[in-house]
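Reading through the structure tokens given below for one structure.
The values are calculated or read from the model by the stated rules, or taken from the named source; none is laboratory data. Everything numeric in this text was worked out from a predicted model, so none of it was measured. For neighbour counting, all protein chains shown are included, and Cβ atoms are generated from backbone atoms with ideal geometry for every residue, glycine included.
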Amino acid sequence: MDNRLVRMSPEGFAAFMEVLSAPAAPFPDMVELAKRPAPW
């Protein structure tokens, strides 16, 4: 496993966590790909 030390301000960390906590937006190309029948 790869570990990295990342330093940031408390404000930067709060903004980072806000982005991670937000619901993921659908990616139209991936949604279309997932609806296709399997090629096998």
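For every residue, the table says whether it meets (1) within 12 Å of the chain's Cα centre (by Cα); (2) outside any loop (DSSP other than H, G, I, E, B).
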position: Met8; (1), (2): no, no
position: Phe13; (1), (2): no, yes
position: Val19; (1), (2): yes, yes
position: Leu33; (1), (2): no, yes
position: Trp40; (1), (2): no, no
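Name the pairs whose Cβ atoms lie under 8 Å apart, with the first residue in region 1-17 and among the aromatic types (Phe, Trp, Tyr), the second surrounded by 10 or more Cβ atoms within 10 Å (Cβ to Cβ), and 6 or more positions between them or separate chains?
Listed by first residue and then by second, the contacts come to Phe16/Met8.
Looking at region 21-31 only, could you name the residues that are part of a loop (DSSP other than H, G, I, E, B) and at pLDDT 90 or above?
Ala22, Pro23
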